[in-house]
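A.B. asks: First the structure, which I've put down as structure tokens, then a few questions once you've had a look.
Read-outs: derived from the displayed coordinates by stated rules, not from any lab. Model, not experiment: these values are computed from the prediction. A quick note on method: Cβ atoms are made from the backbone with ideal geometry, for glycine too, and the neighbour counts reach across all protein chains shown.
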Amino acid sequence: MSRIRSRGTVPERRVQKTLDRMLLAYVDHPKIYGNPDFLVGGTALFVDGCFWHCCPEHFRLPKANRGFWKRKFRRNRRRDLEVNERLAMERYRVVRIWEHETKDGLLCEKLEELLHEKIDV
Ligand SMILES: [Zn+2]
């Protein structure tokens, strides 16, 4: 999993800055199952890379070694689903934001929308 989720990537830092600006309390890389990027209240927040997590808008299967990549991405997706289920069982709310959603200047609105329900103000 560390191959996929390296710490402090650019999209993660964008999210972190926005959380700071929103004055939200969060834990950076909490030690819970699936290694979410942030824990905001009871919400496990993942910043998913468009490539590794097969974003429907930006993902392109590499041309070389297609069989290898297909299997790899199938495993990644299965893993994401398994993590979602397990965290839900442990009563976390799971929110995933795409890397590309951190770029468009609407990140604050997006996070507000995604996190709103569970955050006690
Ligand atoms: Zn994308």
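A.B. asks: Any idea which of (1) within 22 Å of residue 18 (Cβ to Cβ); (2) of a type in the set (D, E, K, R); (3) under 15 Å from the mean Cα position of the chain (by Cα) is the one residue 80 doesn't satisfy?
C.D. replies: Residue 80 satisfies every listed condition except (1).
A.B. asks: Sort out which residues of the stretch 9-44 are free of Cβ contacts under 8 Å to residues at least 12 places away in the same chain, farther than 17 Å from residue 83 by Cβ and not in a helix (DSSP H, G or I), and write them in order of number.
C.D. replies: Passing the criteria: only 23.
A.B. asks: So how many residues does the stretch 38-52 have that are within 16 Å of the ligand (Cβ to nearest atom) and within 21 Å of residue 90 (Cβ to Cβ)?
C.D. replies: Residues flagged as within 16 Å of the ligand (Cβ to nearest atom) and within 21 Å of residue 90 (Cβ to Cβ) within the stretch 38-52 amount to 3.
A.B. asks: Here's another thing I want to ask about it. Tell me the residue from 114, 39 that is in contact with a Ser or Thr (Cβ under 9 Å, 6 or more places away or on another chain) and within 16 Å of residue 16 (Cβ to Cβ), please.
C.D. replies: 114
A.B. asks: Hey, another quick one. When only residues in the stretch 53-78 that are within 17 Å of residue 97 (Cβ to Cβ) and in contact with a Lys or Arg (Cβ under 8 Å, 6 or more places away or on another chain) count, which is surrounded by the fewest Cβ atoms within 10 Å (Cβ to Cβ)?
C.D. replies: Selected residue: 54.
A.B. asks: Restricting to the stretch 79-107, and then to whatever is part of a helix (DSSP H, G or I) and loosely packed, with under 13 Cβ neighbours inside 10 Å, can you tell me which residue is nearest to the ligand (Cβ to nearest atom)?
C.D. replies: Out of the qualifying residues, it is 81.
A.B. asks: Scan the stretch 94-112 and report the pairs whose first residue is in contact (Cβ under 8 Å) with a residue 24 or more places away in the chain and whose second residue is assigned to a loop (DSSP other than H, G, I, E, B) and surrounded by 19 or more Cβ atoms within 10 Å (Cβ to Cβ), with Cβ atoms within less than 6 Å and a gap of 6+ or a chain change.
C.D. replies: That search, which allows pairs on different chains as well, returns 99/49.
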